[in-house]
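*Asks:* Dropping a structure here in structure tokens format, bear with me for questions.
The values are calculated or read from the model by the stated rules, or taken from the named source; none is laboratory data. Here the structure is a predicted model, which is why all the values come from computation and not from measurement. Virtual Cβ from ideal backbone geometry, glycine too; neighbours counted across all protein chains shown.
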Amino acid sequence: MPLESLSINIFWNMSFFESEIVQEEAKSLFADYQKLMELGSDYGKFDREGKKHFIMTMEELMSRYKVFMKRFELSEDFQAKMTVEQLKTQLGQFGMTPERMFEQMNMTLKRMKSELESL
């Protein structure tokens, strides 16, 4: 069974936010993001391998976040749809869209990789 079908079936008869899978992934994403941001404050002090690892970890986190947000977008749950709309509104206040946010993060990561290659 494809992952997309599994996700839809899991959320079919319950509120999006009542799903244990959603709750666990939200907690995990938040905790991993917090750790990465704390670690990132010392990025300039990392050696080449440390910087490589940080970039790779950030890429993985962004990938997980994209999947998580796609679940919100695909859900028929009212609360999930409202969450997506709130995110769009908040980002819109800064002239951003969710797509643009991910594009900018990817550009930043590419720049960081490029700087790393020149070391």
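*Asks:* Within the range 10-100, which helices (runs of 4 or more DSSP H) (wholly inside it) include 3 or more residues that are in contact with a Phe, Trp or Tyr (Cβ under 8 Å, 6 or more places away or on another chain) and closer than 27 Å to K110 by Cα?
*Replies:* Of the helices (runs of 4 or more DSSP H) lying wholly inside the range 10-100, those with at least 3 residues that are in contact with a Phe, Trp or Tyr (Cβ under 8 Å, 6 or more places away or on another chain) and closer than 27 Å to K110 by Cα span 20-40, 48-74.
*Asks:* Within the range 29-55, track down each residue that is under 30 Å from F16 (Cβ atoms) and not small (G, A, S).
*Replies:* Within the range 29-55, L29, F30, D32, Y33, Q34, K35, L36, M37, E38 meet the criteria.
*Asks:* Consider the range 39-83. How many of its residues are loosely packed, with under 13 Cβ neighbours inside 10 Å, over 30 Å from S15 (Cα atoms) and among the small types (G, A, S)?
*Replies:* Within the range 39-83, residues that are loosely packed, with under 13 Cβ neighbours inside 10 Å, over 30 Å from S15 (Cα atoms) and among the small types (G, A, S) number 2.
*Asks:* I'd like to check something: does the range 80-95 contain any residue that is touching a residue at least 40 places away in the same chain (Cβ under 8 Å), touching a Lys or Arg at 6+ places or on another chain (Cβ under 7 Å) and either under 30 Å from S118 (Cα atoms) or not charged (D, E, K, R) (or both)?
*Replies:* No, because not a single residue in the range 80-95 is touching a residue at least 40 places away in the same chain (Cβ under 8 Å), touching a Lys or Arg at 6+ places or on another chain (Cβ under 7 Å) and either under 30 Å from S118 (Cα atoms) or not charged (D, E, K, R) (or both).
*Asks:* Is there a residue being hydrophobic (A, V, I, L, M, F, W, C), exposed (fewer than 13 other Cβ atoms within 10 Å of the Cβ), within 17 Å of the chain's Cα centre (by Cα) and at pLDDT below 95 anywhere in the range 101-119?
*Replies:* Checking the range 101-119: not a single residue is hydrophobic (A, V, I, L, M, F, W, C), exposed (fewer than 13 other Cβ atoms within 10 Å of the Cβ), within 17 Å of the chain's Cα centre (by Cα) and at pLDDT below 95.
Residues checked against (1) closer than 28 Å to Q79 by Cα; (2) within 18 Å of the chain's Cα centre (by Cα); (3) at pLDDT 90 or above:
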site	(1), (2), (3)
L6	yes, no, no
I10	yes, no, no
S15	yes, no, no
G40	no, yes, yes
T57	no, yes, yes
L61	yes, yes, yes
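*Asks:* Does the range 84-97 include one or more residues that are among the charged types (D, E, K, R) and either within 28 Å of M56 (Cβ to Cβ) or surrounded by 16 or more Cβ atoms within 10 Å (Cβ to Cβ) (or both)? I'd like the intermediate steps shown before the answer.
*Replies:* Of the range 84-97, the ones among the charged types (D, E, K, R) are 85, 88.
The next check asks that each one be either within 28 Å of M56 (Cβ to Cβ) or surrounded by 16 or more Cβ atoms within 10 Å (Cβ to Cβ) (or both); those that pass are none.
No, the range 84-97 has no match at all.
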